[in-house]
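The values are calculated or read from the model by the stated rules, or taken from the named source; none is laboratory data. Fair warning: this is a prediction, and the values are worked out from it, not measured in the lab. In this analysis, Cβ positions are derived from the backbone assuming ideal geometry, glycine residues included, and neighbour counts consider all displayed protein chains.
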Amino acid sequence: MDYAILNLPRDNYLECAMNTSVTLKSRGLRRSIIQGDYATRSEKLRAITIMRHHLTEELINQYLHIENPRDLWTELKSRYTMVLLPKARHGWMSLRYQDFESVDEYHFALSKVVYKLRLCGEVVTEEDLLEKTFLTADPRDLLLQHIYREKGFTTYNDMISCLTVIENNKVLKRSSEMRYPETNKTDMDQDESKGAVSNTTQGVADMFID
């Protein structure tokens, strides 16, 4: 047994489905569960054996008549996603960028929800991910608005990478201010006297964005 068996309460279907897919792929059997009749009979037999080996005895008996791994994959997916899909959709609707303290925490939470949705057959595009991040951010986050509107990102990963760089720079800046408070106070006084605080902030942001 390579991983935990699929149980009846439905609470580990996503984990089991992912492990099954990875295991079949690692053994050259991934095409046996892809739509279409691409696998050989030998490949199908090996794949169905692996899949049944990771089911409870009750589930094995229920699907004993199914000999095609693709059909078994489809039956299990239909059975379990009927309950999981509404939960995944609710998770997507309730998730907001502004509710997380760091970019990494938001990215991790969003990735989990997106994985569930896609495993349940839902289509989540790059535009969906970009809009989700922008529309659920704090309306007062002018820097994020600049990043999103001016830079014209086409992929979610590019946008998250940019936000991560900016966040890390803010952490370093705060650390520097704590270590050298007098130096930073002098710099701030000079900026204020020149009346260029807002321009300096924008310049720093553009530097890290570029």
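Screening region 3-15 for residues that are touching a Phe, Trp or Tyr at 6+ places or on another chain (Cβ under 7 Å) and buried (at least 18 other Cβ atoms within 10 Å of the Cβ) and picking the one that is nearest to Leu119 (Cα to Cα) gives Tyr13.
Checking region 72-87 against the condition returns no match, with no residue being charged (D, E, K, R) and under 20 Å from Tyr156 (Cα atoms). Filter region 44-69 down to the residues that are assigned to a loop (DSSP other than H, G, I, E, B) and in contact with a helix residue (DSSP H, G or I) (Cβ under 7 Å, 6 or more places away or on another chain), then identify the one that is nearest to Tyr3 (Cα to Cα). By that ranking, first place goes to His54.
If you check Leu59 against the conditions, is it at pLDDT 90 or above, of a type outside the set (Phe, Trp, Tyr) and in contact with a strand residue (DSSP E or B) (Cβ under 6 Å, 6 or more places away or on another chain)? Taking the combined requirement at face value, the residue does not satisfy it.
Residues in region 88-97 that are assigned to a helix (DSSP H, G or I), of a type outside the set (A, V, I, L, M) and surrounded by 13 or more Cβ atoms within 10 Å (Cβ to Cβ): Arg89, Gly91, Trp92, Tyr97. Taking the condition in contact (Cβ under 8 Å) with a residue 12 or more places away in the chain, surrounded by 14 or more Cβ atoms within 10 Å (Cβ to Cβ) and outside any loop (DSSP other than H, G, I, E, B), does Thr81 pass? For Thr81, the condition - in contact (Cβ under 8 Å) with a residue 12 or more places away in the chain, surrounded by 14 or more Cβ atoms within 10 Å (Cβ to Cβ) and outside any loop (DSSP other than H, G, I, E, B) - is met.
Just one residue in the set Arg27, Arg89 is without any contact (Cβ under 8 Å) to a residue 40 or more places away in the chain and within 16 Å of the chain's Cα centre (by Cα); that residue is Arg89. Tell me, yes or no, whether region 30-43 has at least one residue that is touching a strand residue (DSSP E or B) at 6+ places or on another chain (Cβ under 7 Å), assigned to a loop (DSSP other than H, G, I, E, B) and not aromatic (Phe, Trp, Tyr). So far as region 30-43 goes, no, none of its residues is touching a strand residue (DSSP E or B) at 6+ places or on another chain (Cβ under 7 Å), assigned to a loop (DSSP other than H, G, I, E, B) and not aromatic (Phe, Trp, Tyr). When the residues of region 119-158 are narrowed to those that are crowded, with 18+ Cβ neighbours inside 10 Å and β-branched (Val, Ile, Thr), which ends up farthest from Asp104 (Cα to Cα)? Across region 119-158, the extreme among qualifying residues is Ile147.
For the criterion of being surrounded by fewer than 18 Cβ atoms within 10 Å (Cβ to Cβ), among the hydrophobic types (A, V, I, L, M, F, W, C) and in contact with a helix residue (DSSP H, G or I) (Cβ under 7 Å, 6 or more places away or on another chain), Phe108 fails.
Regarding Leu172, is this residue modelled with pLDDT under 85, closer than 30 Å to Leu76 by Cα and among the hydrophobic types (A, V, I, L, M, F, W, C)? Judged against the criteria, Leu172 is not a match.
Against the condition modelled with pLDDT of 90 or more and charged (D, E, K, R), how does Arg89 come out, does it pass? Spelling it out, Arg89 is indeed modelled with pLDDT of 90 or more and charged (D, E, K, R).
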